[in-house]
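I have placed the structure first, in the form of structure tokens, so that the comments after it can refer back to it.
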Amino acid sequence: MKPQQVESQLVRVLTDAIGSLNDPRVPLIVTVEAVSLTPDFVQARVYVSSMGDMDALLEALQNARGHLQRQVAQVVKLRRTPLLEFFAADDRKW
């Protein structure tokens, strides 16, 4: 698979998975702006935005990382599931 295809699948899967989290620190509307994969697909930087407290959201997503990686592994068929790292969308280096 091409990296762009995997990145678009990760955006779709993570948007659904984050929306289903039952953590009070996660607001109702969280947007996955982009996903950036390393060339070897080992690491994925996930850029999210929200209207609420961004620090609390990033902490909640880091705590739920294992659950989110399992959701990704079930849908996206790769040899290895990328390690997810969450960042605020305004921190993205274009």
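The values are calculated or read from the model by the stated rules, or taken from the named source; none is laboratory data. Predicted model, so just to flag it, every value in this text is computed and none were measured. Here Cβ is always computed from backbone atoms with ideal geometry, including for glycine, and neighbour counts include all displayed protein chains. These area figures cover heavy atoms from the full protein model, side chains too; ligands, DNA and RNA do not enter into them. Shrake-Rupley method; radii C 1.70, N 1.55, O 1.52, S 1.80 Å.
Computed from Cα atoms, the angle from the helix 3-19 axis to the main principal axis of the chain rounds to 30 degrees.
Here the label points at residue 29 and residue 4, each 7 Å from Cα along the C-beta direction, are separated by 2.9 nm in the simple model.
Of all accessible surface on the range 34-94 at a 1.4 Å probe, what whole percent is carbon and sulfur?
Details: 1850 of 3800 Å².
Exposed carbon and sulfur together represent 49 percent of the surface.
Among all stretches of the chain without exposed trypsin sites (Lys or Arg not before Pro) (DSSP loop, at most 16 other Cβ atoms within 10 Å), which one is longest?
Details: sites that count: 25, 77, 79, 80, 92, 93.
Of all site-free stretches, the longest is 26-76.
Could you state the accessible area per residue of the chain in Å², with a 1.4 Å probe and every protein chain left in place?
Values: 5980 Å² over 94 residues.
Here the residues of the chain average 64 Å² of exposed surface.
Each Lys and Arg adds +1 at its Cβ and each Asp and Glu adds -1 at its Cβ; summed about the Cα centre, the chain shows a dipole of about 540 debye.
Assuming 0.36 nm per residue, please report the length gained on full extension of the stretch residue 90 to residue 55 beyond their Cα-Cα distance. If you can, show how the numbers build up before the last one.
Values: separation 35, 0.36 × 35 = 12.60 nm, distance 1.26 nm.
The residue 90-residue 55 span can extend by a further 11.3 nm.
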